[in-house]
Amino acid sequence: MAVPNLSIVVIEDVQAMRFHLKQMLQEMGFTRIQTASSVEEAQVILMVEVVDLILCDWYLNPGSGLDLLKELRAKRENDGTAFVMLTAENTKEKVVEALKAGVDDYLVKPIAAATLLSKVAGALAKRSHR
Amino acid sequence: MTQNRQEKIEDFVNELSDFARNAESTLSEVEKDLEGNRQMLQGFAGMMLTIRGTAQQLGFADVAHIASLGEEIAVKGAAAESRPQIRKCVGSLWDVITSVKYLIQHHDQETGEEQQILVNRLEYTLKAFGGSRAKVGQDDIERLLRERG
């Protein structure tokens with residue numbers, strides 16, 4: 001399967017996990033991958049670039065993936081950006097909160113490469129139809 | 001160049017150990033003023049969640065399970081109404097953090113009877129506080145996504 005030339009930002013505070021996710025995406029063929037360890041770092045990236053996909057953890061001390069999602073969805077210019085939450089957070093309350101805030105998909109850790117690829121493709125396809 | 005598996009696991013183990021040390025410091029702060037600092041247990045819960053997620057990704061099931069119990073007990077502690085309840089939670093969380101730290105460092109060794117006794121005790125404590133919060137699996141999430149449209 002040909003992988004399009006999409007820009008992805010991975011936001012995860014655990015460095016080893018951030019590296020692991022980037023590696024998984026690279027092995028899938030994605031080449032334009034940036035990483036951030038915090039909401040603030042992600043905001044710096046997103047200030048200069050509209051990206052195709054954000055893959056984001058929930059807890060990003062300080063701040064959260066949910067905060068970033070709400071901020072993103074508040075701006076029309078980000079309507080084409082797919083946002084996928086990838087987190088261990090699986091309380092019903094939090095999942096519903098993320099869905100209401102406009103997350104494109106919500107993945108619970110652990111994540112396998114095949115699942116990640118399928119979910120990334122799905123989220124991107126969904127956003128491209130908006 | 002991709003990292004080999006052993007190097008990757010070492011990186012994870014080192015970082016998990018850092019999180020565990022931070023969680024331990026948080027618990028020490030809570031102990032200094034149980035009622036005044038109990039909200040810090042929310043932060044502790046967040047650290048346990050991070051450890052759980054990372055441990056799950058690595059396949060460290062024992063670490064993940066105990067961290068999960070720690071997360072839930074910490075949430076109960078933060079919302080506890082009395083000092084004895086907070087004290088009970090903090091006592092259990094010391095067991096959690098001690099075990100988590102040990103299991104991370106000895107992730108390649110089999111766990112024994114003592115570990116199971118600890119898990120039983122933690123589960124009993126959590127049950128006494130009303131049990132875990134409602135959780136959803138990936139299938140439930142997909143159903144919720146479909147319903148949302």
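General remarks:
- Unmet criterion (only one of (1) surrounded by fewer than 12 Cβ atoms within 10 Å (Cβ to Cβ); (2) within 26 Å of B:Q109 (Cα to Cα)) for B:N22: (1)
- Within segment A:73-127, the set of residues being surrounded by fewer than 18 Cβ atoms within 10 Å (Cβ to Cβ), within 13 Å of chain B (Cβ to nearest Cβ) and within 23 Å of B:G59 (Cα to Cα) comprises A:T91, A:P110, A:A112, A:A113, A:T115, A:S118.
- Of the candidates A:G29, A:G63, the single residue that is within 13 Å of another protein chain (Cβ to nearest Cβ) and among the small types (G, A, S) is A:G63.
- Any hit, segment A:39-48, residues being more than 21 Å from B:N22 (Cβ to Cβ), surrounded by 18 or more Cβ atoms within 10 Å (Cβ to Cβ) and under 14 Å from the mean Cα position of the chain (by Cα): yes
- Segment B:22-45: number of residues that are free of Cβ contacts under 8 Å to residues at least 12 places away in the same chain and part of a helix (DSSP H, G or I): 4
- Residue count for segment A:74-119, restricted to those that are farther than 24 Å from B:F12 by Cα and touching a residue at least 24 places away in the same chain (Cβ under 8 Å): 14.
Read-outs: derived from the displayed coordinates by stated rules, not from any lab. Computed from a predicted model, the values in this text were never measured in an experiment. When we count neighbours, we look across all protein chains shown, and the Cβ atoms used for this are built from the backbone with ideal geometry, even at glycine.
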